[in-house]
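**Q** Below: one structure in structure tokens.
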Amino acid sequence: MSEANSNRPKWLKAVDVPEGKSGDWEVKKTQKTNSKTGKTRRNTHLICCRHTIMADIDSEFLGLDPFYEHLKGQILITGLGLGVAVQGALDHPAVEHVTVVEISPDVITLVGGHYQERYGNRLTIVQADAHIWEPPKGVKYDAAWHDIWPTETHACANDWLEVKNLQRHYEPWCVWQGSWPKDAIERDKAAKAQTSTTVPES
Ligand SMILES: C[S@@+](CC[C@H](N)C(=O)[O-])C[C@H]1O[C@@H](n2cnc3c(N)ncnc32)[C@H](O)[C@@H]1O
């Protein structure tokens, strides 16, 4: 029996990128069975130098909700990873085309081909550093989603600076931009403000 990922937004599906290795990168499948419930959880992991960069697990999916609300027309994504965001965007009926900027040729080899085959000319994968790459003249993206940070980063101050820089860089080409570190930091701030204004009960 396959366990339904209850917290996952309905628009996001597990990925079916095949296992493989390229350079320091690896795509690996895991399967764990809960001895109490008998339910089996299958996941796909993107690993670099033995560190998991990304997996199609619930916590990874949760941050993508703000992106979904802006999905239509032309989309820009920085960071291919396992292609969770790419798949979610291209499965949306209102999305015409997705451009992905990915720095690693190995990730493109391992993951990119799978999606290119599935989505054809609705998907363009650009191998470049997202901090430097510039979209072609005259292009306008309805939404951009930035995710070039490994899972372990946990939205630290440096990410926030990088987010701001990336957003500034793509400002001329994008109607809306989002990223999970930005949302995580804003959620953290809101939670702290809430705690500091809560009067303790006597
Ligand atoms: C956490 S993964 C992205 C996960 C992806 N959003 C998904 O849905 O599966 C981060 C990706 O960003 C890429 N990356 C890191 N730095 C980058 C940069 N400067 N420019 C473009 N891609 C970058 C990594 O190689 C990796 O593939």
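The values are calculated or read from the model by the stated rules, or taken from the named source; none is laboratory data. In this text, all values refer to a predicted model and were calculated from it rather than measured experimentally. Note that we place each Cβ from the backbone using ideal geometry, even for glycine, and neighbour counts take in every protein chain shown.
**Q** Among the listed residues ASP91, ASP16, which satisfies the condition of being surrounded by fewer than 18 Cβ atoms within 10 Å (Cβ to Cβ) and in contact with a Lys or Arg (Cβ under 9 Å, 6 or more places away or on another chain)?
**A** Working: ASP16 fails: in contact with a Lys or Arg (Cβ under 9 Å, 6 or more places away or on another chain).
When all the criteria are applied, what remains is ASP91.
**Q** All but one of (1) outside any helix (DSSP H, G or I); (2) modelled with pLDDT of 95 or more; (3) within 8 Å of the ligand (Cβ to nearest atom) hold for MET54, so report the exception by its number.
**A** (2)
**Q** Return the only residue of VAL101, VAL107 being assigned by TED's automatic domain parsing to the domain that holds HIS146 and within 16 Å of SER179 (Cβ to Cβ). First the steps, then the outcome.
**A** Details: VAL107 fails: within 16 Å of SER179 (Cβ to Cβ).
Of the residues listed, the single one that is assigned by TED's automatic domain parsing to the domain that holds HIS146 and within 16 Å of SER179 (Cβ to Cβ) is VAL101.
**Q** For residues in segment 69-88 being within 7 Å of the ligand (Cβ to nearest atom) and within 16 Å of ALA130 (Cβ to Cβ), which is surrounded by the fewest Cβ atoms within 10 Å (Cβ to Cβ)?
**A** Taking segment 69-88 as the starting set, the residues that turn out to be within 7 Å of the ligand (Cβ to nearest atom) are 77-86.
Filter again for within 16 Å of ALA130 (Cβ to Cβ), leaving 77-81, 83, 85-86.
Values: ILE77: 27, THR78: 26, GLY79: 22, LEU80: 27, GLY81: 26, GLY83: 30, ALA85: 27, VAL86: 28.
Once the filter is applied, the top-ranked residue is GLY79.
**Q** Right, here's the next one. Take the residues of segment 89-119 that are farther than 19 Å from LYS140 by Cα and small (Gly, Ala, Ser): which is farthest from the ligand (Cβ to nearest atom)?
**A** GLY113
**Q** Being part of a strand (DSSP E or B) and either modelled with pLDDT of 95 or more or within 12 Å of the ligand (Cβ to nearest atom) (or both), is that true of even one residue in segment 3-21? Quick ask: steps written out before the conclusion?
**A** Pass one, segment 3-21, residues part of a strand (DSSP E or B): 20-21.
Among the residues that remain, those that are also either modelled with pLDDT of 95 or more or within 12 Å of the ligand (Cβ to nearest atom) (or both) are: 20-21.
Scanning segment 3-21 turns up at least one residue that is part of a strand (DSSP E or B) and either modelled with pLDDT of 95 or more or within 12 Å of the ligand (Cβ to nearest atom) (or both).
**Q** Quick check, is LEU46 near the ligand (Cβ under 9 Å from one of its atoms) and among the aliphatic types (A, V, I, L, M)?
**A** Details: near the ligand (Cβ under 9 Å from one of its atoms): yes; among the aliphatic types (A, V, I, L, M): yes.
Against the criterion (near the ligand (Cβ under 9 Å from one of its atoms) and among the aliphatic types (A, V, I, L, M)), LEU46 qualifies.
**Q** Tell me whether segment 93-104 contains one or more residues that are of a type outside the set (Gly, Ala, Ser) and in contact (Cβ under 8 Å) with a residue 60 or more places away in the chain. Can you show your working first?
**A** Of segment 93-104, the ones of a type outside the set (Gly, Ala, Ser) are 93, 95-103.
When the remaining residues are screened for being in contact (Cβ under 8 Å) with a residue 60 or more places away in the chain, the result is none.
Within segment 93-104, not a single residue is of a type outside the set (Gly, Ala, Ser) and in contact (Cβ under 8 Å) with a residue 60 or more places away in the chain.
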